[in-house]
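A.B. asks: Before anything else, here's the structure in question.
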Amino acid sequence: MKKTILLLSAVIWSCTMAFAQTAHPTKCGMQKKHAAMIAKHPEYAQFLKDQKASLQPAADFYKQYKMQGSEERTTAISAVPIIFHIVVDSAQFNDMGGTAGIIKRCDSQIAVLNHDYNQENSDSVLIPSGWKTLYSNVGIHFGLARVDPSGNCSPGYEVKIIAGTTTADAGFDVENETSPLEKTAGTGLAAWDNTKYYNVWCVNYTGGSTDLLGITTAKSDVTGGWAASGEMGVDILYNTLGSTGPTGSDPGTGSWFTPYNLGRTLTHETGHFFEIWHPWGDDGPYGGAPYYPGDGYCPWSGVTACSAADTVIGADDGLDDTPPESQAVYGSPTYTIAGGTYNDCCNMHGSVNTQPIGIACLSYMDYTDDGAMHMFTTDQANAMASMVLVPAGSATGATGYGTIGENYNLTQNPSLLIACTSTGVAPSPTELKSSLSVYPNPTSGEINISVNSQAETLNNIVVVNLLGQQVAVINGQNKDYYSIDLSGLSKGIYFVKCNFASGSVTRKILLQ
Ligand SMILES: [Zn+2]
C-alpha cells in the first residue's frame, strides 16, 4: 500500500487515504491481541493458522447439513442467553443513562443482534446489487438471561460500580496471562457458567487502548490453552452498548460513541466469538511475522499494487466468498463499482480480478462505521452457524480449533430466557421474539416452532404466503414446541406469524 502510485486508480487512492487517516479508533482489539500473543508465544501463529484453516470446511459442512432436512434436527434450538456484566465508574454509569438507560440499551442491543444475525436488519436495502446474493442468514437468536446460575431472577445485566475511571486495559490482559480485572469477582464481575451463558462485559478501556471498542476471547482460545475459561466472552466499550436506532428500540438517555452507536460493535465481536475473522485476515499495522506480516499484503506473493516487490504471502480470513483484502476499511465508504463496493490494491492477481464486486467492507466484520455495515456473507454465516446450531460431535474441524458444534450448548437452555414471575417483570416484545425459534430454515416441509409458553400466552400460529393468503393455522396449546407440515405447498417464501396475547412475531421461511 505504498509504492506504485502511478498504478493507483482514484478508487484505490480513496482506499489508501482511508488507511492513512490516524484518527480512527483501533476499533477491535483482535489484531493487536494476536500480534502481541505471537510476539510472546511464536507457536500461537500456528494455532491461529490452524483455526483459520478450519473455517471454510466448517462453512461447507453447515451448507450441506442445513439441506439435510428436519429429521436431522433432533434437538430444539433456543436463543443464546446473554448476560451483560457492566463494570464502570459512577460517571460512566450516569453516561449510560443510569439503570433506566441500561435496561433500554440491553434491550436494543438484543434487538440489533437478532436483526443482524437473522437477515432482518432494515438497512439491508443499502446492500449493493452485486452483494445481495451473498447476504445471508446466520440463524442464531439471542435473548437476555432472565435466570442466573443460582436459579434466581435476573434482568439480563448486572452492574458493578468501581472507583476511579479504569478497568485496567480490560481485554488486553490476555497478553499478560493474567485474569482481567473486570472479569474477576471483587475487582469486577466474574463470568457466569459459559457452557450456558454468553458473557458480555461492558467496560471502559484505559491505558494504551483508549481507541478500543471491543475484544473477544473465543472458545478456541480456551480449548487451545491460551486463555482461562473465565475469560471466555466479549468485552465492549460501555457506550457502544445498545443502539440509537433505527435498528434498535428506544435507546434511552446518556451518551453514545458516535459513529459506533447502532449496536454493531457487539455484532462484530460476536462474529469473533463464533470464530470468524476480519475479511483482510489481520495483516496490517499490528501484524506479526511470519504468518501475519505487518503491512496490508494480499494473500499471495508476487508483485501487486500493494507492494512493488511483494514476496510475502499475506493473510486471508480463511473464507472463500470474502474477496482478498489488504487491510481494514474505516468510515462510511462511497462505493465506486456499479453493483458493488470498490476494489483495493488486492484486486488483480496476475490478470484475474479477484474482487469483481469489490471488497467486503460492508460486512459486519470490517471496521466501517456502524451505519455502513449491513451483512454477513454466506461463508461467514455458515461458519458461525456450524459452531452454534449443530450438535457437538457432528463433525470436527482442525482438532481443537473452531470445532463444529463447540457453542451448541448455548442454544440448549430455553428455561434461562423465561422471565421470572417473582420479579413481576413481563417479557418485552424483543424478548418474546428472541426466545422464539422457527427451524429448520430453509425447510423441505416440516417446520418446528419453539416458544416460551410460561413467558407468554400463544393464541395461535398462522402461516401465510407472499400474497398474504393463510395456508396453515394451529391454535396455541400451552406447550413449548409445535410442528407444522408444509410439504404439500408450493416451494417459495412463507411467513410464520406467532400471535401472542401481547403482540405478534413473524418469521420468514423458505420452503424448498
Ligand atoms: Zn474484530
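The values are calculated or read from the model by the stated rules, or taken from the named source; none is laboratory data. What you see is a predicted model; the values in this text were computed from it and never measured. Every residue, glycine among them, receives a Cβ derived from its backbone with ideal geometry; neighbour counts consider all protein chains shown. Each accessible area value is taken on the protein alone, full model and side chains, heavy atoms only, with ligands, DNA and RNA left out. Shrake-Rupley method; radii C 1.70, N 1.55, O 1.52, S 1.80 Å.
A.B. asks: Given the residues ALA100, ALA170, which is the only one that is assigned by TED's automatic domain parsing to the domain that holds PRO81, open to solvent by less than 20 Å² (accessible area, probe 1.4 Å) and modelled with pLDDT under 90?
C.D. replies: ALA170
To keep it simple, each residue is scored yes or no on (1) closer than 22 Å to MET375 by Cα; (2) open to solvent by 50 Å² or more (accessible area, probe 1.4 Å); (3) not assigned by TED's automatic domain parsing to the domain that holds SER444.
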| position | (1), (2), (3) |
| --- | --- |
| LYS66 | yes, yes, yes |
| VAL87 | no, no, yes |
| ALA111 | yes, no, yes |
| VAL159 | no, yes, yes |
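A.B. asks: In the stretch 477-511, what residues are modelled with pLDDT of 85 or more and not in a strand (DSSP E or B)?
C.D. replies: Result: LEU486, SER487, GLY488, LEU489, SER490, LYS491.
A.B. asks: Identify all residues within the stretch 348-357 that are free of Cβ contacts under 8 Å to residues at least 60 places away in the same chain and assigned to a loop (DSSP other than H, G, I, E, B); write none if there are none.
C.D. replies: GLY350, SER351, THR354, GLN355
A.B. asks: Okay, moving on. Being modelled with pLDDT of 75 or more, of a type in the set (Val, Ile, Thr) and part of a loop (DSSP other than H, G, I, E, B) narrows it down to one of THR195, THR247, so name that one.
C.D. replies: THR195
A.B. asks: Would you be able to say whether some residue in the stretch 378-393 is of a type in the set (Ser, Thr, Tyr) and assigned to a loop (DSSP other than H, G, I, E, B)?
C.D. replies: no
A.B. asks: Something else about it: Only one of these conditions is not met by ASP283: (1) buried (at least 24 other Cβ atoms within 10 Å of the Cβ); (2) at pLDDT 80 or above. Which number is it?
C.D. replies: ASP283 satisfies all of (1) buried (at least 24 other Cβ atoms within 10 Å of the Cβ); (2) at pLDDT 80 or above except (2).
A.B. asks: Next up: Please work out which one of (1) in the same structural domain as ILE215 (by TED's automatic domain parsing); (2) open to solvent by less than 50 Å² (accessible area, probe 1.4 Å); (3) away from the ligand (no atom under 16 Å from the Cβ) is the condition PRO128 fails and give its number.
C.D. replies: That leaves (1) as the condition not met.
A.B. asks: Continuing with the same structure: For the condition surrounded by fewer than 24 Cβ atoms within 10 Å (Cβ to Cβ), within 16 Å of the ligand (Cβ to nearest atom) and modelled with pLDDT of 95 or more, what is the one hit in ALA372, ALA360, ALA383?
C.D. replies: ALA372
A.B. asks: Another question, if that's okay. For TYR62, all conditions in the list (1) surrounded by 24 or more Cβ atoms within 10 Å (Cβ to Cβ); (2) assigned by TED's automatic domain parsing to the domain that holds THR195 hold save one; what is the number of the exception?
C.D. replies: (2)
A.B. asks: When ASN353 is evaluated against the numbered criteria (1) away from the ligand (no atom under 16 Å from the Cβ); (2) open to solvent by less than 10 Å² (accessible area, probe 1.4 Å), which criterion, by number, is the only one it fails?
C.D. replies: All conditions pass for ASN353, except number (2).
A.B. asks: I need a count of the residues in the stretch 104-129 that are within 17 Å of THR240 (Cβ to Cβ) and among the β-branched types (Val, Ile, Thr).
C.D. replies: 2
A.B. asks: With respect to PRO391, determine if the residue is in contact (Cβ under 8 Å) with a residue 24 or more places away in the chain and more than 30 Å from LYS196 (Cβ to Cβ).
C.D. replies: no
A.B. asks: Continuing with the same structure: Say whether the condition of being of a type outside the set (Phe, Trp, Tyr), at positive phi and within 15 Å of the ligand (Cβ to nearest atom) is met by at least one residue in the stretch 315-326.
C.D. replies: Checking the stretch 315-326: at least one residue is of a type outside the set (Phe, Trp, Tyr), at positive phi and within 15 Å of the ligand (Cβ to nearest atom).
A.B. asks: Taking only the stretch 496-505 into account, find how many residues are open to solvent by 60 Å² or more (accessible area, probe 1.4 Å) and within 22 Å of PRO442 (Cα to Cα).
C.D. replies: 2
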